[in-house]
1. At a probe of 1.4 Å, how much accessible area disappears from chains B and A on forming the pair, both sides counted, to the nearest 100 Å²?
2. Beta carbons within 10 angstrom, averaged per residue: use that to sort the peptides A:277-289, A:440-452, highest first.
3. Just to confirm, what accessible area per residue do you get for the range A:408-541 at 1.4 Å probe, in whole Å²?
4. Residues with beta-carbon under 14 Å from that of residue B:20, excluding residue B:20: net charge, scoring Lys, Arg +1 and Asp, Glu -1?
5. For the range A:1-111, count the residues as N, evaluate 2.2 N^0.38 Å, and divide the Cα radius of gyration by that value, please.
6. Based on Cβ point charges of +1 for Lys and Arg and -1 for Asp and Glu, what charge dipole magnitude is obtained for the range A:224-382 about its Cα centre, in debye rounded to the nearest 20?
7. Specify which residue in the list A:388, B:51, A:170 is farthest towards the positive end of the charge dipole of the protein assembly as shown, using unit charges on the beta carbon of Lys, Arg (+1) and Asp, Glu (-1), about the Cα centre.
8. Find how much the distance from residue A:10 to residue A:219 grows on full extension, using 0.36 nm per residue of separation minus their present alpha carbon separation; answer in nm with one decimal.
Amino acid sequence: MYKYDTYDQSIVDARVEEFRDQVARRMAGELTEDQFKPLRLMNGLYLQLHAYMLRVAVPYGTLDSRQMHMLAHIARKYDKGYGHFTTRQNIQYNWIELKDAGDILADLATVEMHAIQTSGNCIRNTTSDQYAGAAADEVADPRPWAELLRQWSTFHPEFTYLPRKFKVAIIASDEDRAAMRLHDIGLQLTQNEAGETGFKVYVGGGMGRTPMVAPLIRDFLPAADYLSYLEACLRVYNRYGRRDNIYKARIKILVHEIGADEYRRQVEEEFLHVKTLGIDPPAEEFERINAFFAQPAWEQGLSDELDLSDPDFKLWVDQNVFAHKAPGYAIATISLKPIGGIPGDASADQIDLMADLAETYSFDELRVTHSQNIVLPHVRKADLYTLWQKLDAAGLATANLDLISDMIACPGLDYCSLANARSIPVAQKISQRFADREADLGELKLKISGCINACGHHHAGHIGILGVDRKGTENYQLLLGGSGAEDASLGRITGPGFDEDGIVDAIERTLDRYVATREPGERFLDTYRRVGFETFKEAIYG
Amino acid sequence: MVEGLRYRDDAAHEEPAVTLDAFLDQSNATAVRLESDEDARKLLPFLDRLALIEVAFPAFRDGRGYSAGRILREAGYTGELRAAGDVLVDQILPMRRCGFDAFAPDKPLDPAAVERALGRYSNVYQKAADGRAPAWKLRHG
């Protein structure tokens with residue numbers, strides 16, 4: 001894991017003091033709320049329905065037990081004893097008081113954490129593959145590149161007031177576990193035929209009101225040009241992205257309106273100039289960062305044998321454990337989706353327990369996933385049963401990874417001032433309705449957003465739900481056929497929406513049709529793509 | 001409270017800034033004002049004889065001027081680069097980093113607050129237009 005040096009620490013410490021000063025000026029009335037808003041947003045502080053919400057950055061989703069314990073401490077001391085893990089691999093607290101914000105940031109800074117650029121029209125926290133550094137299918141660990149990007153983008157003076165927020169994801173496998181092509185910039189670490197490291201660069205993806213899958217802009221970007229090229233991509237956007245309409249201000253609209261070819265031409269032209277400025281750090285800086293991500297000291301010669309005689313344990317292993325690159329090790333996902341619970345929520349006690357388990361069983365490392373779960377990336381297979389027992393005792397052993405109850409849901413109208421409808425009660429009802437048959441239904445990514453901003457990724461759900469306001473009542477639209485994986489696609493709205501119970505019934509009709517028409521081994525998404533939209537529409541509306 | 005800030009040693013330029021269109025028409029002006037939607041690169045052939053370029057910030061959220069500032073400095077412009085408009089205390093630092101060395105805010109600023117803001121960060125992560133060495137440069141010499 002990356003460790004701060006004095007430079008990193010001085011920047012984060014200065015930020016704490018700067019934000020204390022900004023809060024003090026706001027509380028003294030020297031700053032209007034309008035002037036304070038972009039400053040607090042740049043620091044992850046939102047004014048929500050009931051209180052301030054603070055979003056804390058977990059860069060590329062990686063943290064250690066000390067940091068995880070701090071997240072529990074903040075939940076206990078400043079919130080109501082829990083936190084909510086988000087689709088940007090961050091955590092947010094929903095009951096924060098403005099006067100405490102400076103103290104929270106100071107606490108975070110003691111464990112090399114911050115809330116910098118977790119909101120605002122700037123470059124947001126970079127996300128990555130939650131299995132980075134552990135997955136057998138990666139070409140290299142993408143996180144050193146994400147850390148390089150974190151540093152470059154932190155307080156980037158030119159890109160602090162972009163037309164709109166800007167999200168980057170970096171992966172290093174052909175299997176996309178980070179919804180890479182649904183980002184403003186998606187990067188895939190790769191090697192060319194000469195064996196050199198570089199990136200495939202996708203620009204202009206995103207969800208929200210106008211969802212788009214990002215087109216390929218650069219087939220192979222040499223690693224040495226990494227930051228210069230990103231600087232060129234951002235500069236073209238900062239200069240020419242639309243600022244007349246907030247709903248058309250994301251880079252996807254620019255790329256769509258001028259076309260991928262013209263955007264690419266402008267970026268390449270800008271890049272030729274930017275490359276002369278000496279923005280890219282030398283290879284030694286990458287090597288310095290890369291050394292922090294060296295493989296843990298995995299034990300050699302471990303057995304891959306696993307005693308699966310306990311049927312509940314076997315269920316969990318089959319569902320929540322993923323292949324590790326080292327013999328005798330496994331990647332374990334801790335589901336934060338108990339049946340009928342609030343997706344992504346964890347109590348302070350649970351957060352502390354996960355930190356302790358990471359320290360004991362996973363080389364002190366945890367990951368937050370974009371689907372709102374926690375991963376222990378390096379667990380000895382011999383320890384899995386003990387780990388599972390401890391998780392089970394804390395209500396953290398739900399065996400539902402990638403099943404229907406492992407859904408993404410935004411906070412919705414229960415918390416969010418932008419929402420049109422509640423997400424959480426719908427999520428809970430779906431979870432309860434289908435829990436008994438979810439193993440049979442297989443991989444099924446269901447995603448719920450409480451408004452058109454799509455924080456719950458509904459466009460990318462095999463089944464998506466969008467909450468809307470219909471003449472003053474909450475109404476839920478159903479979408480089918482989306483995917484945030486390497487086969488990225490956008491869901492299609494089936495037809496008229498439903499009320500809260502109606503949407504659950506409509507999903508049941510959808511799934512009954514799937515079960516009746518699937519071929520052996522087909523996931524819901526596969527069946528949908530094979531038999532088509534109309535078959536399901538007919539099942540839903542009759 | 002101050003109505004203008006200037007971080008240059010030379011005498012203030014007195015000639016009023018003309019619009020970009022007017023400047024491109026009449027080649028003898030030495031001061032020009034760039035609106036936020038105008039292309040700074042149109043000035044690149046004329047930088048040698050410009051003493052003042054004023055970049056408009058109609059709203060603090062409109063960040064196009066930051067790119068304009070850097071583009072002008074990257075092309076070698078050494079004259080006064082003035083940010084004018086909705087310029088607030090917390091925008092001065094990134095503006096300085098993008099090459100601005102004079103400020104004409106719509107509303108007066110507290111010079112003490114500006115000084116605090118400018119002195120707060122002893123380190124930066126990126127190379128920009130202000131000559132500060134980024135952390136990676138300090139790490140590796």
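The values are calculated or read from the model by the stated rules, or taken from the named source; none is laboratory data. Just so it is clear, the model here is predicted, and its values are computed rather than measured. So basically every Cβ, Gly included, is an ideal-geometry build from the backbone, and we count neighbours across all protein chains shown. Heads up: the accessible areas ignore ligands, DNA and RNA and are worked out on the full protein's heavy atoms, side chains in. Shrake-Rupley method; radii C 1.70, N 1.55, O 1.52, S 1.80 Å.
1. On the way: alone 8110 and 20800 Å², together 25190 Å².
So the total buried area for this chain pair works out to about 3700 Å².
2. Working: A:277-289: 16.8, A:440-452: 22.4.
Per-residue Cβ counts within 10 Å, averaged per peptide and sorted highest first, yield A:440-452, A:277-289.
3. Working: 5210 Å² over 134 residues.
That works out to 39 Å² for each residue.
4. Details: positive: B:33, B:41, B:42, B:64; negative: B:21, B:25, B:35, B:37, B:38, B:39, B:54.
The answer is -3.
5. On the way: Rg = 13.9 Å, N = 111, 2.2 N^0.38 = 13.2 Å.
Computed over Cα atoms of the range A:1-111, the ratio equals 1.06.
6. Values: 17 positive and 27 negative charges, 182 e Å.
It comes to approximately 880 debye.
7. B:51
8. Working: separation 209, 0.36 × 209 = 75.24 nm, distance 3.74 nm.
Result: 71.5 nm gained on full extension.
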